[in-house]
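A short write-up of the structure that comes next.
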Amino acid sequence: MEFGVCVDTHIDKWDLIRYAEELGYERAWAPDSQMIWSDCYAVMALAAQATKRIKIGTGVAIPGTRIAPVTAHSIATINQIAPGRIFLGIGTGHTAMRVMGQEPMRIKDFREYLRVTRALLHGETVEYTYDGRTREISFLHRDRHYINVENPAPIYVAANGPRACDAVGAYGDGWVTAVGTPADVKAQFALIEAGAKKTGRKLPRPFLTTALISACVLRPGDKLTDDRVIEETGSWVAAILHFAYEIWEQSGRKDEMIPAYFANVWDRYLARVEDFSLPKDARFRQIHDGHCTFLQPGERKFITPEAIRATCLVGRPEEIVAQVHELERAGIHGVSLLPPAEYQRKVLRDFAEQVMPLMR
């Protein structure tokens, strides 16, 4: 099992990645979400220069905000700083697009984006279409080492739905997921393997499978209703709630889309959304306020024991180890923790000191 961190991408906190390296984490993800955090490539450049071992990459890059040649060029530039330690995590753009009131990229366009990006990162010449005009493109001046595509940065594709999983198989060197049940993970991985087979491709070995998640190590006597537990898990649970609401709304408000662990708070959350001060077509700005950074006070009541247990690694150290082993059996071989900003160092230290030694 590989252990990683996912940070709130802050230009003044790049040293959190160095701290994670010191704690023994193996990978760091810098999210790419332009309306809520700093620029991920600037943060990665600073961290790459100041670290020696930890792998660093986007967690995840958003194709709707940068054209494919720019994304390939940006990650290849960071790869020149720390060759062999840089990776490109990429997804259709749930938060980054929705926080602008836009939809994530369509899968058809996402596949094309992955095709072009992958080819460029492998130093190939590739057909690229922009504004209806198709031309062959390739990186020039490679002998001057402005970028590094000699050691291609691997591409880890974020996916949960069937068509997105198919794209992972076609173009990915790994898979990033927000974990469902073990049965969900196994079914998704079968779709990934089928996607590879359809393109005549074999999945690379090793094939990274990573879950972005949060965690809280409990002490004797701690309860899931304690303030400390809610504070250390709340921003992640709330982000999952926001995502569930967006999917429910997009599906035509089908009740079967409501996660069981939010069923007992769902009506109250809908009432909160209806009570937002902004009009309906601007509510996205309030829905995602605090996203994976801090817990809005008005959302504290939605951070229930059921939701914490279902979405986080939580328990005594040996209980968390058992939860991690369950993920391993389902096919997940990496976890990366995304604690709220105010509690990052404590959560990462607790996990590194109390859980990780039991896994090694």
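The values are calculated or read from the model by the stated rules, or taken from the named source; none is laboratory data. Here the structure is a predicted model, which means the values were calculated and not measured. Don't worry about glycine lacking a Cβ; one is built from the backbone with ideal geometry, like all the others, and counts go over all protein chains shown.
Regarding region 108-119, can at least one residue be identified that is in the same structural domain as ASP32 (by TED's automatic domain parsing) and closer than 25 Å to ALA47 by Cα?
yes
Checking the condition among the polar types (S, T, N, Q) and surrounded by 20 or more Cβ atoms within 10 Å (Cβ to Cβ), which residue from SER251, SER336 passes?
Numbers: SER251 fails: surrounded by 20 or more Cβ atoms within 10 Å (Cβ to Cβ).
After applying the criteria, what remains is SER336.
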Top-ranked residue in region 295-310 [being without any contact (Cβ under 8 Å) to a residue 60 or more places away in the chain and touching a helix residue (DSSP H, G or I) at 6+ places or on another chain (Cβ under 6 Å); ranked as farthest from MET35 (Cα to Cα)]: GLU306
Filter result (charged (D, E, K, R) and surrounded by fewer than 20 Cβ atoms within 10 Å (Cβ to Cβ)) within region 65-110: ARG66, GLU103, ARG106, LYS108, ASP109
Neighbours by Cβ (under 7 Å, 6+ apart or cross-chain): first from region 271-282, within 11 Å of GLY101 (Cβ to Cβ); second part of a helix (DSSP H, G or I): LEU278/ARG285; LEU278/GLN286
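Restricting region 222-270 to residues that are part of a helix (DSSP H, G or I) and among the basic types (Lys, Arg), which is nearest to GLY101 (Cα to Cα)?
Top of the filtered list is ARG268.
Yes or no: region 92-100 includes at least one residue that is free of Cβ contacts under 8 Å to residues at least 40 places away in the same chain and over 19 Å from MET35 (Cβ atoms).
No, region 92-100 contains no residue that is free of Cβ contacts under 8 Å to residues at least 40 places away in the same chain and over 19 Å from MET35 (Cβ atoms).
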Pairs where the first residue, in region 33-54, is surrounded by fewer than 17 Cβ atoms within 10 Å (Cβ to Cβ) and the second is of a type in the set (Ser, Thr, Tyr) and at pLDDT 95 or above, C-beta under 9 Å, 6+ apart: GLN34/THR65; ASP39/THR9; ALA42/THR9
Criterion violated by VAL314 - all others in (1) closer than 12 Å to THR233 by Cα; (2) in a helix (DSSP H, G or I); (3) aliphatic (A, V, I, L, M) satisfied: (2)
